[in-house]
1. Once you have the Kirkwood Rh of the chain from its Cα pairs, apply Stokes-Einstein at 20 °C and 1.002 mPa s and quote D in µm²/s.
2. What number results when the radius of gyration of the range 57-124, computed over Cα atoms, is divided by 2.2 N^0.38 Å?
3. Go through K44/K101; K29/K118; K5/K120; K5/K29; K29/K51 and tell me which ones have a Cα-Cα distance over 28 Å in this structure.
4. Can you list which of the chymotrypsin sites (Phe, Trp or Tyr not before Pro) found in the range 15-100 are DSSP loop residues with at most 13 other C-beta atoms within 10 Å?
5. Select from S88, S53, S43 the residue whose mean-square fluctuation is largest in a Gaussian network model of the chain (Cα-Cα springs shorter than 10 Å).
6. Using the charge dipole of the range 1-120 (Lys, Arg: +1 at Cβ; Asp, Glu: -1 at Cβ; taken about the Cα centre), state which of P98, Q23, S38 has its Cα farthest towards the positive end.
7. In the range 23-116, what percent of the accessible surface is made up of carbon and sulfur (1.4 Å probe, ligands and nucleic acids excluded)?
8. Which of these, L106, L11, L31, has the largest mean-square fluctuation under a Gaussian network model of the chain (Cα springs below 10 Å)?
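The values are calculated or read from the model by the stated rules, or taken from the named source; none is laboratory data. For clarity, every value in this text was computed on a predicted model and none was experimentally measured. Reconstructed Cβ throughout: ideal geometry from the backbone, glycine too, with neighbour counts over all protein chains shown. Areas reflect the complete protein model, heavy atoms only, side chains present, ligands, DNA and RNA absent. Shrake-Rupley method; radii C 1.70, N 1.55, O 1.52, S 1.80 Å.
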Amino acid sequence: MKISKGSDYGLHALAYLIAKRDQQPINVKSLSETLNVSVTYLSKILTQLVKASVIKSASGAKGGYYLVNNWEDITVYDIITAIDGHQSTLEDSFDHGPECKIQAILTSAEDEMTQALKNKTLKDLM
């Protein structure tokens, strides 16, 4: 699993939306200023989160981004894979098969990290 700057920014944007969840939708310009991230880059990340049904967007003068109703159940793993896809960070350069001890250790470590991220939800960002 690869965790990029985009996932980091996405998680921080979500933490901000969670903190402001009782307010009107937050526009991307305001959010980018708060996070000190370019509007263009943040817009791409937020679009990916909308496509993954993590957040919703509203257009118009009072438009912006806001949380979906079941946001508390969405996992950190869901966010990372919505932005980065399913990529491995712990890769063995050789494919020796299941008898390779190095590959077994790296696979086990990645499985543990994946499970840990699946056990944390957006509610944990509160």
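1. Details: Rh = 15.8 Å.
Once the numbers are plugged in, D ends up at 136 µm²/s.
2. Values: Rg = 17.7 Å, N = 68, 2.2 N^0.38 = 10.9 Å.
Rg over 2.2 N^0.38 Å, computed on Cα atoms: 1.62.
3. Values: K44/K101 40 Å; K29/K118 30 Å; K5/K120 19 Å; K5/K29 19 Å; K29/K51 20 Å.
Listed pairs above 28 Å: K44/K101; K29/K118.
4. On the way: sites: Y16, Y41, Y65, Y66, W71, Y77, F94; in loops: F94.
Here the sparse-neighbourhood loop sites are F94.
5. Ranking S88, S53, S43 by mean-square fluctuation puts S88 first.
6. Of the options given, the answer is Q23.
7. Values: 3040 of 5920 Å².
Its accessible area is 51 percent carbon and sulfur atoms.
8. L106
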